[in-house]
Structure formats: C-alpha cells, structure tokens
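Undergrad: Before anything else, here's the structure in question.
Each reported figure results from applying straightforward, stated rules to the coordinates on display, with no laboratory input. The model shown is predicted, which means the values in this text are computed figures rather than measured ones. Counting neighbours? That spans all protein chains shown, and the Cβs are built from the backbone with ideal geometry, glycine included.
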Amino acid sequence: MPSTSRAGSLKDPEIADLFFREDPEKLFTDLREIGHGSFGAVYFARDVRTAEVVAIKKMSYSGKQSNEKWQDIIKEVKFLQRIQHPNSIEYKGCYLREHTAWLVMEYCLGSASDLLEVHKKPLQEIEIAAVTHGALQGLAYLHSHNMIHRDIKAGNILLTEPGRVKLADFGSASIASPANSFVGTPYWMAPEVILAMDEGQYDGKVDIWSLGITCIELAERKPPLFNMNAMSALYHIAQNESPTLQSSEWTDYFRNFVDSCLQKIPQDRPHSEDLLQHAFVLRERPESVLIDLILRTKDAVRELDNLQYRKMKKILFQEAHNGPTTETQEGDEEPEHGPGHTGTVSSVGSNQSIPSMSISASSQSSSVNSIPDAADDKSDHDLEKDHTVMSNSSVIHLKPVTRQMQEHEQDSELREQISFLESQKREYKLRKEQLKEELNENQSTPKKEKQEWLLKQKENFQHYQAEEEANLLRRQRQYLELECRRFKRRILIAKHNVEQDLVREELNKRQTQKDLEHAMLLRHHESMQELEVRQLGTIQKMRTELIRLQHQTELTNQLEYNKRRERELRRKHVMEVRQQPKSLKSKELQIKKQFQDTCKIQTRQYKALRNHLLETTPKSDHKAVLKRLKEEQTRKLAILAEQYDHSINDMLSTQALRLDEAQEAECQVLKMQLQQELELLNAYQSKIKMQTDAQHDRERKELEQRVSLRRALLEQKIEEEMVTLQNERSERIRSLLEKQAREIEAFDSESMRLGFTVNFHYLKDEWFGFYFVSFEEREISS
C-alpha cells in the first residue's frame with residue numbers, strides 16, 4: 001500500500017482483510033490497563049464469546065505522523081498473521097474503533113526480564129538453557145522463512161502458564177532477509193546492524209548475537225556495557241572485542257555457547273538450526289524446570305503484593321482518620337474496625353498493589369508482570385486481588401528511583417504519625433476506663449460526697465488533660481521541627497544527587513563528543529592518506545605515460561630520420577647516375593644524331609622509290625606496292641632503333657658498373673651509422689626509465705614516512721586531549737564533592753547548634769571514584 005494513502009482507509013481490499021468488522025467493545029470485557037507506552041496501552045481483557053483471557057494492545061493512528069503509524073500497524077499485523085509456531089506469540093485478530101487499532105494476542109504471564117526483577121538475582125544455568133532452547137526454536141522458525149526478529153532480549157521472551165517460551169514484540173521485525181535498516185535496542189544490537197548504515201546488509205545471524213547478549217543478561221541481570229551511554233555503547237560494540245561471561249561459576253558448555261553466539265564476523269557465527277544441536281541446550285534437565293520457576297515467581301510476587309497492600313492500608317487509614325484529636329477524645333468510645341472495614345481497605349489496596357520494578361533502561365520499554373495464583377476461572381474479586389499484569393510488547397514509563405525513595409520516606413513518616421496517634425488513643429481509652437471503674441466503685445457514697453468527688457475528679461481530669469495536651473503539642477512541635485530538618489536534609493541530598501547526575505551527564509556527553517571527534521580525526525587521517533596515495537599514484541602514472549610517449553616519439557623521429565637519410569642517399573645516387581661524364585653525353589648525342597640522319601635519308605630514299613614504283617606499276621597494284629614499301633620501311637627503322645639502343649646500353653653499362661660499386665659502399669656506411677644512433681637512443685631511454693622508477697620508489701617511501709609521522713602526532717594529540725579531559729573530569733568531580741561536603745557540614749553544624757545530632761555513613765560511589773556522606777538526623781534524647 002503506498003505511503004501516501006490516508007490513515008485508517010480500508011478501500012484497498014487487501015488492507016481491509018487484515019481487520020475484523022465487529023465492535024471490539026462488545027466482544028471484550030473486564031478491560032484493565034496493565035502497561036502503557038509511546039505506542040498506546042496494553043490491557044488485560046476477557047473474550048465474552050469464549051471466556052478466554054487475552055491481551056489487547058491499543059495503538060492510535062491519529063495525530064502527527066498518522067500515515068507512518070498506520071503503516072507500522074499494517075506491517076505488524078501482516079507479520080503476526082504470517083507466523084504460526086508454538087514458540088511465537090499467538091495472534092488472535094485486529095479490530096478498528098475510533099482511530100485506534102485493537103491488536104488481540106495470546107495472554108502470557110511475564111517475560112524473562114521480569115523474572116530477574118522479581119527475584120533480584122540471576123537465573124540458574126538450567127533455567128537459562130530452557131529459556132534459550134525455546135527462544136532458539138522460535139528463531140529457527142523465523143529464519144527458515146527468511147524473517148528477522150531484530151529485537152531479541154529478555155524483555156521480549158515471554159512465559160506462559162504451562163512453561164512455554166514465546167517470542168514477542170515483532171514491531172521491529174523484518175519480513176525479508178537480508179535487511180539493512182538500523183533497528184533494535186542498542187545494548188543487544190549486533191555489530192553488522194550498527195555498521196549497516198555505511199557498509200551494507202545483514203541476515204538472521206543478528207538475532208544469534210542478540211540471543212548471546214540475552215544469555216549474559218540472564219546470567220548477570222544486565223547486558224554488557226549497560227552502564228555506558230547508548231551512543232558510546234554502539235561505538236564499543238562495533239570496535240571492541242566480543243563480550244564474555246564474567247563469573248567463573250558457569251560451565252564450559254554455557255561459555256562455549258555464548259562465545260559461539262558472539263562471534264564478531266557474521267560468517268563465523270552459527271545458524272539457529274546449528275545451535276539447536278549444541279550441548280548447552282541439549283543437556284539433560286527436568287521437564288518442569290520452567291514451571292517450578294514460575295511457581296517460585298508467583299510466591300515472590302504474592303509476597304510483594306502483600307507488602308504493598310499493608311503499606312497502602314496504613315496510608316488509607318491515615319487519610320480516613322485525619323480529623324481533630326479532641327473530637328475523638330471527647331466523643332464516645334469508637335468501635336474497632338472489624339473485618340468489614342478491613343475488607344474494604346483490602347479491595348482498594350489490592351488495586352494499587354502492582355509492585356514497581358526497575359526494568360532495563362536501555363530499551364526504554366519494559367513489561368511489569370504480577371503472575372496470578374490460579375487458572376482463568378477466578379472471580380473478578382480474585383482477579384483484582386491478584387492484579388495480573390501482562391507483558392506483551394508493552395511499554396510503560398517507570399517512576400524514577402529518587403521519586404520512589406521520596407515516596408518510601410513519606411510512607412515511613414505517615415506510619416510514624418499513625419502509630420503516635422494510635423498510642424495516644426489507647427492511652428485516652430485506658431484513662432477513660434479507669435475513670436469509669438472509679439465511678440462505679442463510688443456509686444454507694446452519699447450524693448454530696450459523690451458530687452465533691454466528681455468535681456475533684458473532673459478538675460483532676462481537666463488538669464491532666466491540659467498537661468497531656470501541652471505535652472502533646474510540645475512533642476508534636478519537636479517532631480515537626482525534626483521532620484522539617486529531615487526534609488531540608490533530604491532536599492539538600494536530592495539537590496546534590498541532581499548536581500551529580502547533571503555533572504555525570506555533562507561529562508559523559510563531553511566524553512562521547514571527544515570520542516566522536518577523535519574517531520573523525522582518525523577517519524580524516526585515513527581519508528587523507530588514501531587521497532595522498534591515490535594522488536601520488538596518479539602523478540607517477542602520468543609521469544610514466546609521458547616518458548613512454550616521449551620515448552616513443554623519439555624512436556619514431558629517429559626511424560623517420562633514418563628513412564629520410566636513406567631517401568636522400570638514393571636521390572643523390574640517382575643524380576649521380578643522371579650527371580654522367582660529358583663524353584658519354586656527346587657520344588650519346590652523336591649516335592642519336594647519326595640515327596636521326598639515317599632515318600631521314602632512308603625516308604627520302606623510300607619516298608623516291610615509292611614515286612618510281614608508282615610510275616612504273618599499273619594503278620591497280622598501287623595499294624599492294626605502298627603496303628609492301630611501308631612494311632619494309634618499318635622493319636629497317638626498327639633495326640636502326642635496335643642498333644641505337646644496343647650502342648647506348650653498351651656505353652652506359654660500362655659506366656654504371658663502376659658507379660654502383662661506389663654507391664653500395666656508401667649505403668653500407670650510412671646503415672652502420674644509423675644503427676649506432678638507434679642503439680644510443682635505446683640506451684639513453686633505458687637510463688631515463690630506471691631513474692624514473694628510482695624516483696617513484698623514493699617518493700613512495702617519503703610519503704609513507706610523512707603519513708606515519710602525522711599518524712603518530714595525531715595519536716599523541718588524542719592521548720594528550722584524553723589525559724586533559726580526564727584531569728578536568730577529576731577536578732570537576734573533586735570540586736563538586738568538596739562544595740557539597742562543605743554545604744552538608746554547614747547544615748550539620750546548624751543542626752548541632754539547634755539540638756540535633758547527625759549520624760554519618762561513608763559510602764563509595766563507583767562512578768565518581770570518591771567518598772561522599774549520607775546521613776540521618778535524630779533528636780537528642782532528654
């Protein structure tokens with residue numbers, strides 16, 4: 001479908017067939033949001049037709065970039081329709097309602113990343129092998145159909161109730177292989193994906209690399225380079241050696257499997273079908289390893305939910321009973337909260353009992369799962385208590401750690417206040433019971449004494465009440481002052497933490513900028529080196545071509561000169577032949593004159609003879625006589641010409657013999673001279689060529705030395721800049737910590753002056769490399 005088509009348009013039959021026409025709000029009930037992200041939200045729902053629990057991802061395609069969002073929805077739906085495998089998430093349909101696509105999929109309990117967050121420790125090796133085996137089977141299916149997942153990580157490997165491993169989140173998948181898009185999560189990204197922006201394409205082996213990183217994530221709770229900035233991590237993945245398992249507790253099978261997956265060269269990396277035969281995934285393990293893991297996770301989540309419920313119950317109790325204390329004291333005795341009240345609070349509290357887990361910040365998206373205790377036939381109330389949260393390509397924005405710490409401190413303060421009010425209430429009730437008992441004992445006394453006693457008791461009670469109120473006000477004032485000091489201290493600590501975070505972010509950005517600058521300088525040096533080598537090669541090639549043309553021209557000129565000398569010699573010889581001695585010329589002229597005179601005399605004789613014969617011959621024989629005479633005259637003239645030529649040739653042959661001998665000798669001398677000149681020219685050209693080759697070698701060596709010197713100077717400059725940056729970094733950190741220490745010392749001095757004491761705890765910050773102080777305040781005991 002062309003990208004210019006309107007978002008949500010179903011005019012194309014091929015697009016219309018991707019979506020069901022029913023109203024999804026009538027088909028699915030009990031919708032509860034269990035995840036939220038930039039794409040939309042993920043909901044827990046129940047199909048009214050089959051009572052099946054499903055997961056629904058709602059994706060809006062309205063607003064900005066609506067066409068791009070629509071194309072992404074169509075791409076994901078087409079991909080999900082094409083895949084059908086036990087180890088891939090099951091697609092159940094897609095519906096459209098009010099510019100929102102409802103993508104209905106199989107419901108899963110949680111992801112492998114959630115297992116790490118719930119247990120707060122790595123998985124066991126047999127559990128990693130089971131998860132990896134299921135993921136490999138799904139990848140083998142995708143790769144056999146020329147498809148690439150491109151976002152394999154623990155957060156996208158899900159688990160079902162029976163312990164089945166499922167691949168999910170196909171929003172980044174490619175339907176064709178090879179591909180060349182820069183897609184994925186940075187810390188799990190293969191080197192060829194990072195380099196695909198400049199160098200070309202990649203295939204399904206990028207998923208094998210991501211699977212190896214996922215194995216390290218499951219074994220160490222986070223992927224390699226996780227503490228780095230994302231851009232710096234991409235640079236290190238492309239340039240550094242492959243990561244490995246750090247701990248020595250893992251078996252050689254596991255290490256060999258991870259090393260095989262993390263081969264930098266894609267051709268050395270095995271295919272998914274080959275890895276299915278690896279000893280790590282084929283080793284014997286219990287069939288119920290994943291089911292046992294799920295049961296243990298359920299118990300851990302249930303305990304987290306109970307802790308969250310108890311905290312929420314106290315908060316709601318404080319909000320419900322935040323009235324004046326005097327009203328409670330003066331009123332009648334309040335009944336204790338029975339099970340009814342507790343149940344109400346439990347119902348509300350359980351709705352808020354989703355444990356907040358800190359998930360991998362690299363992908364900026366995660367799935368939070370609270371695994372249920374029973375099957376789908378639970379009541380709605382039980383489902384609310386379990387508060388099941390599905391992880392199916394869901395993206396949520398988690399609260400910052402500092403905010404969670406502040407909320408925890410506020411909850412602690414509220415609990416302290418509630419406990420103080422409850423102790424006061426118990427003391428008041430105890431005093432009231434004592435007064436009632438005394439009143440019952442004195443009912444038998446006379447009326448006047450009784451009234452006096454009552455007045456006295458009332459005065460005593462009022463006096464006691466006034467003292468207690470004064471003590472309560474004093475303790476409350478002291479408590480509020482202490483809480484204000486604590487709050488100011490927390491504000492100061494939070495300010496210092498923010499300053500440290502800002503300095504860390506600034507220094508990391510400067511470090512990244514410096515790394516990019518150095519990489520650019522090295523690339524510029526390499527480009528300059530390549531240009532200089534290419535330019536020198538071009539110049540030397542042009543020089544060689546010019547010398548070749550010059551030598552060819554010189555050789556051609558020499559050959560033309562030789563030919564011209566030979567032609568001049570032949571012309572000279574011809575002139576010599578023509579310029580014969582004068583005696584020969586005169587003799588030739590004399591013979592020629594005699595021939596001419598003889599011809600004239602003979603012609604006159606024949607004319608006289610013809611006249612005589614015509615006179616004496618009858619007229620009828622004149623033609624025959626004339627013909628005979630003509631033939632006779634021609635024959636004799638031919639004889640005379642032959643005699644003339646013979647005489648001339650005899651005379652010239654004698655002279656030509658002597659002339660030919662001299663000319664032949666002169667020709668031989670000329671040939672020898674021309675051959676010597678040609679040999680000298682060839683020798684001179686060979687010398688010029690050897691000198692040119694030597695000059696070329698010398699120029700190449702000088703260029704190599706110049707480039708090496710420039711590279712050394714550049715590396716020295718880079719090293720000096722890195723040392724300067726590190727020194728500046730240390731100085732900034734030291735000055736910041738000193739300033740913060742001075743501020744905290746001043747605050748502590750003021751606290752001591754006002755009657756508070758401070759407990760110091762020295763902790764080491766691994767990032768800064770310095771010690772800083774965290775503290776607690778408490779009131780000096782009287």
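Undergrad: Using the basic label-point model (7 angstrom from Cα toward the beta carbon), what is the ARG490 to LYS429 distance in nanometres?
TA: Placing both labels 7 Å beyond Cα along the Cβ direction yields 3.0 nm.
Undergrad: Continuing with this model, one more query. In whole Hz and in residue order, list the ³J(HN,Hα) couplings for the stretch 288-300 that follow from phi through the Karplus curve 6.51 cos²θ - 1.76 cosθ + 1.60, θ = phi - 60°; x for Gly and Pro.
TA: Those phi angles translate into 9, 4, 6, 5, 4, 4, 5, 5, 5, 5, 4, 4, 5 Hz.
Undergrad: May I pose another question? With a sphere of radius 12 Å drawn around the Cβ of LEU714, what net charge do the other residues whose Cβ falls strictly inside it have (Lys, Arg +1; Asp, Glu -1)?
TA: Neighbourhood net charge equals -2.
Undergrad: Moving to a separate point now. Quick one: net charge around SER647, please, counting Lys, Arg +1 and Asp, Glu -1 for every other residue with C-beta under 12 Å from its C-beta.
TA: -2
Undergrad: Please order VAL77, VAL183 by the number of other Cβ within 10 Å, starting at the fewest.
TA: Details: VAL77 20, VAL183 17.
Fewest-to-most ranking of VAL77, VAL183: VAL183, VAL77.
Undergrad: Oh, and also: Quote to one decimal, in nm, the extra length available between PHE226 and LEU703 on full extension: 0.36 nm per residue of separation minus the C-alpha distance between them. Mind showing how you got there, number by number?
TA: Numbers: separation 477, 0.36 × 477 = 171.72 nm, distance 4.31 nm.
Gain on stretching PHE226 to LEU703: 167.4 nm.
Undergrad: Still on this structure, please answer the following. Within 10 Å of each residue's Cβ, count the other Cβ atoms and sort VAL48, VAL625, VAL206 from fewest upward.
TA: The order, fewest Cβ neighbours first, is VAL48, VAL625, VAL206.
Undergrad: Moving on to the next point. Say each of ARG21 and GLN602 gets a label point 7 Å from the Cα, pointing the same way as Cα to Cβ; how far apart are those two points in nm?
TA: Spacing of the two 7 Å Cα→Cβ label points: 12.9 nm.
Undergrad: Check each of the trypsin sites (Lys or Arg not before Pro) in the stretch 52-157 and keep only those in coil by DSSP with at most 16 other C-beta atoms within 10 angstrom; list them in order.
TA: Here the sparse-neighbourhood loop sites are LYS64, ARG97, LYS120.
Undergrad: Sticking with this one: Using only Cα atoms, what Kirkwood radius does the stretch 585-708 have, in angstroms?
TA: 22.3 Å
Undergrad: Also: Just need the Rg to Rh number for the stretch 424-519, please, alpha carbons only, Kirkwood Rh.
TA: Rg divided by Rh gives 1.61.
Undergrad: Whole number please: convex hull volume per residue of the Cα set in the stretch 12-107, in Å³?
TA: Hull volume normalised by residue count: 110 Å³.
Undergrad: Run through all the Cα pairs of the stretch 180-262 and give the fraction in each 5 Å bin from 0, expressed as whole percent.
TA: Result returned by the calculation: 3, 15, 26, 26, 16, 9, 3, 1.
Undergrad: Measure of size requested: the Rg and Dmax of the stretch 47-189, with Cα atoms as the atom set and Å as the unit; please supply both.
TA: Rg then Dmax for the stretch 47-189, in Å: 16.1, 48.
Undergrad: Using modelled backbone amide H atoms (1.01 Å from N, in-plane), which distant-in-sequence or interchain residues come within less than 5 Å of GLU90's amide H?
TA: Hits under the 5 Å cutoff: GLU106.
Undergrad: Could you tell me what a quarter of the Cα convex hull surface of the stretch 109-316 works out to, in nm² with one decimal place?
TA: Taking a quarter of the hull surface, the average projection is 13.1 nm².
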